[in-house]
Amino acid sequence: MIYRRECVLESACVNLWEITDMGHGHDHHHHHDNVHEGSDVSPALDLTIPDSELSPSDVSRRGFLRGAGLLGAGAAASVLANPAPAVAHGQNSSGKGLVWLSGDHHIHTQYSSDAQYRVIDQARHGRAFGLDWVVITDHGSATHAKIGVDKVNPDIRATRDELRDLLTFQGLEWNIPGAEHATVFVTPSRNEVEVLKKFEQSYDGSQLPATNTTEQNEAAAIAGIKFLASQVKARKVDGALFFANHPARRGIDSPHEIRNWRDADPTVAVGFEGAPGHQAAGIPAPNGRGGARGYYDNNPSAASFPGYPLESYRTWGGFDWMTATVGGLWDSLLAEGKAWWITVNSDSHVNYLDQSDRGPGSNFEVNGKYNDPVHTGKTLTTAGDFWPGFYGRTTVGATSWGYKQVMDGLRAGRVWVDHGRLIKGLDARVRVAGDRRSATGTGLGGVLHVKRGTTTEITLDIDLQDVPNWAQFVPVLKRVDLIVGTVTGPVTEKDAYTAPDTKVVKSFEVSKTSGRVSITYSFGRLDKPFYVRVRGTDGNRTQPGLMGVGVDPYGPKLDVIGDADPWGDLWFYTNPIWVLPK
């Protein structure tokens, strides 16, 4: 393993660590190895050697790598030291040991103060609408922290027993101290209630003193993430994950907070919602609520980060501004080389066109839940949510069926997302140009290391949708965009939220309406590290991106409150793939 310092731009340098040539065509299991057998490994990188036996320089280097998340537990989630995962294949394909499982990590039940359904109701609907995994995330609150985690657990366990073909995680929606909300969830175990309850009681914003300063709240958020990591290390649970929810909705998730969450422990804090739930809220009246997609109808407040533009308080093609803006906040994280992934979900509380209400006689404050819902016969046209799986889905490449496997896939960024079942499946990989062997290349969330000057290319195989979605029409993909950004290294200003070197490098018009679309694009000879991500659309609503037509000529359009039918504006996004020089 060789340490290099590469100046990738005149204005910035980035530290890169060569792990070895990633090679091509390895099966998934080999990608867990950080170093091939027989490699000449620096003592600082050989964790079998204790610190006490290292030279002072190697101790210093090891400490630096650990602090950067590039050695030990943090390395698994660090782009600059993460071996390429297995090649991604299309939906339900088992190529190279991966199975693609769709899910939803943000779902509420009668144990949330503003929701109403039973756990089994949400799970049955999610399974019926094609999901393989769900996460129950009732709100952190004084009542929930006191009794909610305990009381929902038997319902979750009963659901696991009844729906054995659905993976049902227990989690909660964290009131991040000083910021918005986040999904926090753990792998099932006899300790899941203990871990979640202790976390909520100790670190939920609702449980902290109202007199806390901003600095105290931000420190509490970091401590909460580190607590989750400690529970994994102590083997209380096999895994714990954090995804920030609706990050731009109120403008209070500042760029430095997002960076600090990720850096607190990149094996736990792994991403944010690329698109919020509550998508039905945009259906125009009188057929729907006539509001804003995602309930993104806010304006800046005293608590908001002052640097965000007014456009950030609205969705763009149903997606959060942080994700939808090419060259924006998400890209600024990726340009640093930070592994930070996007998801979509339902945020289901009360669902559009349902005909039920909370059970009569409910007393949430006393019981920590509402009584079981009852049929009313009145159609909820003003409800803002869809059932899990009905509209948005997060599709994860897992090595096999299982809770830990889904978590590992999410942590590794083997994820693509879509709305309205826009596409059926997706295979994206980057490889050395001309290498036509099957199963060659590096897939979503991975890193390809090649010699400087090597020509690389991306290959995309997109399976077009051929069956109606749950709104009963067959979506039609019209355009695919390749978005490329230079990896420029860590920022000096943690509140930076732009990536000036990121742009759409190529758009492909799709004329086929069935079958598979295959695309190959050459990046040319590698002279500096970069990443690529992919976006696609039905083409119904587009406009130049906020960074200008030269950066994003046909991006998503800003959603108008009261006139934003989610079914008429469908997009898919992938997580990135990095290409780094040796």
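Right, residue 377: surrounded by fewer than 21 Cβ atoms within 10 Å (Cβ to Cβ), not charged (D, E, K, R) and not in a loop (DSSP other than H, G, I, E, B) or not? No, not satisfied.
When 266, 276, 284 are checked against the criterion of being within 20 Å of residue 565 (Cβ to Cβ), within 15 Å of the chain's Cα centre (by Cα) and not small (Gly, Ala, Ser), 276 stands alone in meeting it. Residue 572 fulfils the conditions (1) buried (at least 16 other Cβ atoms within 10 Å of the Cβ); (2) touching a helix residue (DSSP H, G or I) at 6+ places or on another chain (Cβ under 7 Å) except for a single criterion, (2).
Within the option set 213, 267, being among the polar types (S, T, N, Q) and under 20 Å from residue 135 (Cβ atoms) holds for one residue only, 267. Could you give every pair whose Cβ atoms fall below 8 Å, whose first residue belongs to the stretch 388-408 and is touching a residue at least 40 places away in the same chain (Cβ under 8 Å), and whose second residue is of a type in the set (Lys, Arg), counting only separations of at least 6 or pairs across chains? Within 8 Å, the pairs are 389/127; 393/421; 396/414; 397/414; 398/414. On the given criteria, is residue 315 of a type in the set (Ser, Thr, Tyr), under 29 Å from residue 134 (Cβ atoms), over 14 Å from the mean Cα position of the chain (by Cα) and buried (at least 24 other Cβ atoms within 10 Å of the Cβ)? Yes; evaluated as a whole, the condition is true for this residue.
At least 1 residues being in the same structural domain as residue 535 (by TED's automatic domain parsing) and under 19 Å from residue 497 (Cα atoms) is the threshold, and among the strands (runs of 3 or more DSSP E) wholly inside the stretch 173-287 those reaching it are 240-245, 269-273.
The criterion of at least 1 residues that are among the polar types (S, T, N, Q) and at pLDDT 95 or above is met, among strands (runs of 3 or more DSSP E) falling completely within the stretch 409-525, by 455-464, 479-486, 503-509, 516-525. It is to be established whether one or more residues within the stretch 92-111 are surrounded by 24 or more Cβ atoms within 10 Å (Cβ to Cβ), polar (S, T, N, Q) and not in a strand (DSSP E or B). Yes, that holds for at least one residue. In the set (1) assigned to a loop (DSSP other than H, G, I, E, B); (2) assigned by TED's automatic domain parsing to the domain that holds residue 368; (3) surrounded by 21 or more Cβ atoms within 10 Å (Cβ to Cβ); (4) modelled with pLDDT under 95, residue 69 fails one condition alone, (2). Listed by first and then second residue, the pairs with beta-carbon distance under 6 Å, at least 6 apart or on different chains, first residue in the stretch 353-366 and more than 20 Å from residue 148 (Cα to Cα), second in a loop (DSSP other than H, G, I, E, B) and among the hydrophobic types (A, V, I, L, M, F, W, C), are 354/380.
Residues are listed down the side, and each one gets a yes or a no for (1) touching a His at 6+ places or on another chain (Cβ under 9 Å); (2) farther than 25 Å from residue 192 by Cβ; (3) in contact (Cβ under 8 Å) with a residue 12 or more places away in the chain; (4) of a type in the set (D, E, K, R):
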site: 319; (1), (2), (3), (4): yes, yes, yes, no
site: 333; (1), (2), (3), (4): no, yes, yes, no
site: 336; (1), (2), (3), (4): no, yes, yes, yes
site: 347; (1), (2), (3), (4): yes, no, yes, yes
site: 370; (1), (2), (3), (4): no, no, yes, no
site: 381; (1), (2), (3), (4): no, yes, yes, no
site: 384; (1), (2), (3), (4): yes, yes, yes, no
site: 415; (1), (2), (3), (4): no, no, yes, no
site: 421; (1), (2), (3), (4): no, yes, yes, yes
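Checking 503, 478, 528 one by one, the residue that is basic (Lys, Arg) and either in contact with a Gly (Cβ under 6 Å, 6 or more places away or on another chain) or farther than 27 Å from residue 414 by Cβ (or both) is 478 and no other.
The values are calculated or read from the model by the stated rules, or taken from the named source; none is laboratory data. Just so you know, these numbers come straight off a predicted model, no measurement behind them. When we count neighbours, we look across all protein chains shown, and the Cβ atoms used for this are built from the backbone with ideal geometry, even at glycine.
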